[in-house]
Structures are given as C-alpha cells and as structure tokens.
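Visitor: Could you have a look at this structure, given as structure tokens, before my questions?
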Amino acid sequence: MDKPQRGYWCECWTGDLVERTWPALRASFDAYSAPQADRCFAVALRTISPALDPEASEEAWSWLYEGRILTRRAVLRAEPCTVSVTHASTRITWTIRPVLFLPLAYRQGFELPACAYDFKPRDSHPQ
C-alpha cells in the first residue's frame, strides 16, 4: 500500500450496565470493503448467539435477518454504524467507521534510532 486507502475500522466494546463501568474495547478489525466490514458483525453475532440469553439471542438474529441490510447500506454510503445486544447486564456493541488507512513509512535499509537498542527483552521465566 503506497497511497492512502479507504476502508472501515470495526470495533467490539462491552460495558456493564449495572456497575456502569466505562466500555472496554474487546477487539478491532480493519476492513477494506463494505461486505468485509459488515461480515465482521455477522460472524461475531452468529458465533456468540448460542451463549446469549434468549432476549439477546433474539436481538442478534433480528439484526442478522432484518438489520444487516440497513447496516450494509449505511456502510456503502460511508456512514458509521452501530449494532448492540444486551446479555444479562452486559452491553455488547460493534461499531463500523469509515476511515482512510495511511501507508506506513518504508523502514528497510534505514538505521533505527540509537534509543531502540537500549531496550532488551526480559526473561519471562523467573529463576
């Protein structure tokens, strides 16, 4: 990728509705097409639906059967989208936002700054 590329940033957040904690980011995914972006929601909802309580499972399948087309249309118009289900006291929210992915600088053949060599990996096995 040598120039900016349009795409979508997908995230999954959870929050506890009883404890009113700040939502926590659980996963993120970069998508380069509208079908790929809305598929991340569909795969996640199909995967977790068997573990959800009946109401949350119904919310999930309602989106899969009826709401998904609205999400796809919004994504194709480059509009942000959100899908949420509530399981017990946990609110699970997936978001899709249109983004512009920027290419990273080509680093091969360049010398790293001196400070890069100051950090040594720690032994993860205590003696």
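The values are calculated or read from the model by the stated rules, or taken from the named source; none is laboratory data. Being a predicted model, the structure only gives us computed values, none of them experimental. Neighbour counts run over all protein chains shown; Cβ positions are idealised from the backbone, glycine included. Remember, those area values only see protein heavy atoms, side chains included, never the ligands or the DNA or RNA. Shrake-Rupley method; radii C 1.70, N 1.55, O 1.52, S 1.80 Å.
Visitor: Considering the stretch 51-77 alone, what residues qualify as being under 29 Å from LEU100 (Cβ atoms) and either under 15 Å from the mean Cα position of the chain (by Cα) or in contact (Cβ under 8 Å) with a residue 24 or more places away in the chain (or both)?
Guide: ARG68, THR71, ARG72, VAL75, LEU76
Visitor: Further question on the same structure: Identify, please: which residue in the stretch 1-19 is hydrophobic (A, V, I, L, M, F, W, C), out of contact with any Asp or Glu (no Cβ under 8 Å at 6 or more places or on another chain) and assigned to a strand (DSSP E or B) and is, among those, surrounded by the fewest Cβ atoms within 10 Å (Cβ to Cβ)? Let's see the steps before the verdict.
Guide: First, pick out the residues of the stretch 1-19 that are hydrophobic (A, V, I, L, M, F, W, C): 1, 9-10, 12-13, 17-18.
Next, from what is left, pick out any that are out of contact with any Asp or Glu (no Cβ under 8 Å at 6 or more places or on another chain): 1, 12-13, 17-18.
From the residues that got through so far, the ones that are assigned to a strand (DSSP E or B) too are 12-13.
On the way: CYS12: 20, TRP13: 18.
Step by step, filter the stretch 1-19, then rank; the result is TRP13.
Visitor: What is the number of the single condition among (1) surrounded by fewer than 16 Cβ atoms within 10 Å (Cβ to Cβ); (2) under 30 Å from VAL18 (Cβ atoms); (3) modelled with pLDDT under 90 that PHE110 does not meet?
Guide: (2)
Visitor: Please specify each residue of the stretch 28-50 satisfying the condition of being over 25 Å from PHE101 (Cα atoms), touching a residue at least 12 places away in the same chain (Cβ under 8 Å), of a type outside the set (Lys, Arg) and open to solvent by 40 Å² or more (accessible area, probe 1.4 Å). Full working, then the answer.
Guide: Applying the first criterion (over 25 Å from PHE101 (Cα atoms)) to the stretch 28-50 yields 45-50.
Keeping just the survivors that are touching a residue at least 12 places away in the same chain (Cβ under 8 Å) gives 45-46, 48-49.
Remaining after also requiring of a type outside the set (Lys, Arg): 45, 48-49.
Scanning the stretch 28-50 gives a single hit, ILE48.
Visitor: When you go through LEU25, LEU100, LEU76 one by one, which is the residue that is open to solvent by 50 Å² or more (accessible area, probe 1.4 Å) and either modelled with pLDDT under 90 or in contact with a Cys (Cβ under 8 Å, 6 or more places away or on another chain) (or both)? Quick ask: steps written out before the conclusion?
Guide: Values: LEU100 fails: either modelled with pLDDT under 90 or in contact with a Cys (Cβ under 8 Å, 6 or more places away or on another chain) (or both); LEU76 fails: either modelled with pLDDT under 90 or in contact with a Cys (Cβ under 8 Å, 6 or more places away or on another chain) (or both).
After applying the criteria, what remains is LEU25.
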